[in-house]
1. Having 3 or more residues that are open to solvent by less than 60 Å² (accessible area, probe 1.4 Å) is the bar; report the helices (runs of 4 or more DSSP H) wholly within the range 127-177 that clear it.
2. Return the residue satisfying two criteria in turn: it lies in the range 118-150 and is touching a helix residue (DSSP H, G or I) at 6+ places or on another chain (Cβ under 9 Å) and polar (S, T, N, Q), and of such residues it is farthest from SER18 (Cα to Cα).
3. Within the range 151-173, which residues are within 15 Å of LEU130 (Cβ to Cβ) and among the aliphatic types (A, V, I, L, M)?
4. If you take the residues in the range 85-126 that are outside any helix (DSSP H, G or I) and either in contact with a Ser or Thr (Cβ under 7 Å, 6 or more places away or on another chain) or farther than 27 Å from GLU177 by Cβ (or both), which one is most open to solvent (accessible area, probe 1.4 Å)?
5. Of everything in the range 73-84, what is part of a loop (DSSP other than H, G, I, E, B) and surrounded by 19 or more Cβ atoms within 10 Å (Cβ to Cβ)? Give them in sequence order.
Amino acid sequence: MGQSIGKRQTREDILEFSVSLFAEFGYDGVSMRDVAAVCGLTPAALYYHFPHKEALYLEVVAHAFREKSAALLNNLKDSDSPWVQLENFITNLAHQTAMDEIFMRLMQWVKLDSEETRQQKLATHVFKDLFLAVHTLVAKLDSRYDPYMLSISIISLVLHPSEGRKIRKFMPGYRPEHDQPDVLARHVIDLLRMGLFQH
């Protein structure tokens with residue numbers, strides 16, 4: 001599954017190396033022995049830091065999401081108007097998804113995970129704060145729309161093109177500039193401004 005990349009014994013190192021493994025093979029495709037080998041640890045040393053694979057996996061997803069979430073939450077501060085906050089959020093999200101293919105692969109595996117209890121833990125402990133911030137923001141924009149559905153829709157409008165990047169370039173009408181995050185962000189922002197919120 002990969003060769004050892006040297007002896008690493010800190011939790012941070014283990015999490016960092018595990019992101020790529022789970023992004024490549026998903027939860028079911030990675031064993032604790034695989035992680036230990038990549039980190040240059042014995043399985044016993046790995047279990048010292050993480051009692052079982054699910055605990056490691058949940059920490060890996062949280063680790064991968066933490067820095068991105070902090071930057072995105074920063075876009076949703078009250079110092080700007082709701083529209084400016086939303087535009088900054090969409091632009092930042094478009095850039096983050098375009099720049100980090102490993103993270104996007106990890107998120108695709110997260111969405112494919114069929115274990116509901118694990119999904120609930122991730123929703124509650126990893127994704128909830130960012131989603132709540134988006135939900136609170138969009139509720140200020142137009143009371144006619146369900147903030148939950150609108151939040152899901154906005155996030156999906158940005159994530160879906162990044163997730164389908166490899167295949168959509170073969171679709172009719174594709175142009176290379178469609179892969180530029182600013183082009184995607186502008187498209188989503190214009191769609192919201194001129195479509196959803198115009199009568």
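The values are calculated or read from the model by the stated rules, or taken from the named source; none is laboratory data. Model, not experiment: these values are computed from the prediction. Here Cβ is always computed from backbone atoms with ideal geometry, including for glycine, and neighbour counts include all displayed protein chains. Areas reflect the complete protein model, heavy atoms only, side chains present, ligands, DNA and RNA absent. Shrake-Rupley method; radii C 1.70, N 1.55, O 1.52, S 1.80 Å.
1. Where helices (runs of 4 or more DSSP H) fall fully within the range 127-177 and carry at least 3 residues being open to solvent by less than 60 Å² (accessible area, probe 1.4 Å), they are 128-139, 147-163.
2. THR136
3. The first filter runs over the range 151-173 and keeps only residues within 15 Å of LEU130 (Cβ to Cβ), leaving 151-152, 154-156, 158-159.
Within the range 151-173, ILE152, ILE154, ILE155, VAL158, LEU159 qualify.
4. We begin by selecting, within the range 85-126, every residue outside any helix (DSSP H, G or I); these are 100, 113-115.
Still in the running and either in contact with a Ser or Thr (Cβ under 7 Å, 6 or more places away or on another chain) or farther than 27 Å from GLU177 by Cβ (or both): 113-115.
Numbers: ASP113: 27, SER114: 113, GLU115: 74 Å².
Out of the qualifying residues, it is SER114.
5. Taking the range 73-84 and keeping what is part of a loop (DSSP other than H, G, I, E, B), we get 76-81.
Result: LEU76, single match.
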